[in-house]
Amino acid sequence: MEPTNKERLPYWHWIPAAFALSGIIVFIFATYGPPASSSGFVSTLKGFLEWAAPDYVAAKAHYKAIPGPGSWLFAFALGMAIGGFIAGRTSKNIPVRDMPPIWKQRFGDSRAKRYGATFLGGFLILFGSRLAGGCTLGLFISGSTQLAISGLYFGVVIFAVAMLTARLLFGKVTEQEEIQ
Amino acid sequence: MTLIWLGLFSGIAFGFVVQRVGATDAHKMARSHLMLDADIPRFMLLAVALSALGLFGLQSVGVGRILPLPTSIVATGLAAVIFGIGWGLTGYCPGTTWAAAGEGRMDAVFALLGGLAGAALFAQLHETLVPILYDPTNVGQITLTDLFGNQAMAVAMLVVVFGLCTWGIGKLWKSS
């Protein structure tokens, strides 16, 4: 907490934020069950495919296992987007950017390149999540809260691999400390 | 119907908090992965430790529903590697993708579309991949309670280890 970084405090401090988030998580366990967010993607697809290709949905195990849009899981994912929207509209200080400065520094101004990369990244995180059965929230956070080995194992590996990936991608620009 | 309102309310609260702490900012996330900003990882680990205590409290009064996912040594590990590459590349995970897209970040909208494509492909391949990758090394719904033989002991161990990790990240990450 050096005083030099005072200008970087548009965000909530991590300790009260962690208390707030865990309050919400415990509320979810009490009123529903383990929270999850990658399942919301499957719910969305299921809703669309039930209209476009009902026979396909009825035959596939993955769609049988996850409820469609009329469910807590879908409402939660939609709520996250609404919560992000409200939080973004009501904050004057947190910058909403289409491209992270660190990405620009390393890969240039091309929006196509950034959007292509996030499409690919989104593809990978969801493919991985569906293979494991959950994501950062549905497997690591929910799972570890329930003391599940799967959540702890998944958590250790995703942090390690993401840190390595970030280092390989952005390693060259990390010395330039002016990018905040 | 009540469940839908509960889900919507929980999602709004969750999305609001993760935006306010900076987890929807892919720049802050990249800096976390580069060990330049310790806030998000400490936020996540402390939230898990506190949630574990809270859930233990709930269970001791018989409230709530739990469903620990099984561990497949190959599938869970391989999935985590694929996930980690995507997380390091974009700075988004599935939950923050929803919140960041709602916030109005265009790169998150593309991550959301990519996510739908990834989920659709996995759903298509589920019947092929699960028997090959998941089932053979599936060791079941094991938890720390199975290792320690006692739930209170297991919760205490988790809280201590996550607390130490939170403290260690504050020391090792060279940030703020």
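No value in this document is a laboratory result; all are computed from the given coordinates. Keep in mind that this is a model prediction, so the values were computed, not measured. With ideal geometry, Cβ positions are generated from the backbone for all residues, glycine too; neighbour counts draw on all protein chains shown.
Please say if region A:43-115 is rounded, prolate or oblate, where rounded means a/c under 1.5 for a ≥ b ≥ c the square roots of the C-alpha gyration tensor eigenvalues, and otherwise the choice is prolate for a/b larger than b/c and oblate otherwise? Numbers along the way, then the final one.
Values: a/c = 3.97, a/b = 1.80, b/c = 2.21.
Because a/c hits 1.5 or more and a/b fails to exceed b/c, region A:43-115 counts as oblate.
Taking other residues whose beta carbon is less than 10 angstrom from the beta carbon of A:M99, and scoring Lys, Arg as +1 and Asp, Glu as -1, yields +3. Taking a ≥ b ≥ c as the square roots of the Cα gyration tensor eigenvalues, with a/c under 1.5 meaning rounded and otherwise prolate when a/b beats b/c, else oblate, which class fits region B:52-121? It is oblate, given that a/c is not under 1.5 and a/b is not larger than b/c.
Which value, in Å³ per residue, describes the convex hull spanned by the Cα atoms of region B:1-67? If you can, show how the numbers build up before the last one.
On the way: hull volume 7.4 nm³, N = 67.
Spelled out: Cα convex hull of region B:1-67, divided by residues, is 111 Å³.
The orientation-averaged projection of the convex hull spanning the C-alpha atoms of region B:100-146 amounts to 5.5 square nanometres. Going from the fewest other Cβ atoms within 10 Å to the most, the residues B:L113, B:L45 appear in the order B:L113, B:L45.
From the alpha carbon centroid of region A:50-67 to that of region A:135-161 is 28 Å.
Over all other residues within a Cβ to Cβ distance under 12 Å of B:G170, the charged ones net out to +1, with Lys and Arg as +1 and Asp and Glu as -1.
Note on region A:74-141: Cα-Cα pairs beyond 19 Å make up 56% of the total pair count.
Can you tell me the 0 to 90 degree angle between the C-alpha axis of helix A:14-31 and the longest principal axis of chain A, rounded to 10? The angle comes out at about 0 degrees. Placing pseudo-labels 7 Å out from each Cα toward the beta carbon at A:S110 and B:Q151 gives an inter-label distance of 5.4 nm.
First measure r as the distance between the Cβ atoms of A:D55 and B:V160, then evaluate 1/(1 + (r/R0)^6) with R0 = 41 Å and state the FRET efficiency to the nearest 0.05. Write down the numbers at each step before the final one.
Working: r = 52 Å, r/R0 = 1.27.
Once rounded, the FRET efficiency stands at 0.20.
Annotation for region B:134-176 versus region B:80-122: alpha-carbon center distance of 26 Å.
What size of dipole, in debye to the nearest 20, comes out for the protein assembly as shown about its Cα centre when the only charges are +1 on Lys and Arg C-beta atoms and -1 on Asp and Glu C-beta atoms?
Details: 24 positive and 17 negative charges, 102 e Å.
Roughly 480 debye for the protein assembly as shown.
Computed with the Debye formula from one identical point scatterer per Cα of chain A, without solvent, the log10 of I(q)/I(0) at q = 0.14 Å⁻¹ comes to -1.07.
What's the exposure ranking of A:F140, A:F19, A:F76, going from fewest to most Cβ atoms within 10 Å? Present the calculation step by step, with values, prior to reporting the outcome.
Working: A:F140 28, A:F19 14, A:F76 32.
Least to most surrounded, the residues fall as A:F19, A:F140, A:F76.
Shown for the protein assembly as shown: lysine pairs separated by 8 or more places, or found on different chains, whose C-alpha atoms are under 15 Å apart, numbering 6. Based on every Cα atom in region B:106-176, Rg and the maximum pairwise Cα distance Dmax equal 19.6, 48 Å.
Over region A:21-180, what relative contact order in percent results from Cα pairs under 8 Å that are six or more residues apart? Write down the numbers at each step before the final one.
Numbers: 111 pairs, mean separation 40.0, N = 160.
Relative contact order of region A:21-180: 25 percent.
Note on chain B: helix-only mean residue ellipticity at 222 nm, from DSSP H runs of 4+ residues weighted -39500 (n - 2.57) and normalised by residue number, equals -24500 deg cm²/dmol.
Mean separation of Cα pairs under 8 Å and 6 or more residues apart, divided by the residue count, gives chain B a relative contact order of 38 percent.
Estimated from the Cβ-Cβ distance and a Förster radius of 22 angstrom, the FRET efficiency linking B:Q59 and B:L3 is about 0.60. Within region B:17-169, the ratio Rg/Rh, alpha carbon atoms throughout and Rh by Kirkwood, equals 1.00. Annotation: the residues A:D55, B:D37, B:D25, sorted from fewest to most other C-beta atoms within 10 Å of their own C-beta, follow the order A:D55, B:D37, B:D25. With a/c under 1.5 counting as rounded, go ahead and sort the protein assembly as shown into rounded, prolate or oblate using the C-alpha gyration tensor (a ≥ b ≥ c being the square roots of the eigenvalues; past the cut-off, prolate if a/b is larger than b/c, else oblate). It is rounded, given that a/c, with a ≥ b ≥ c, falls under 1.5.
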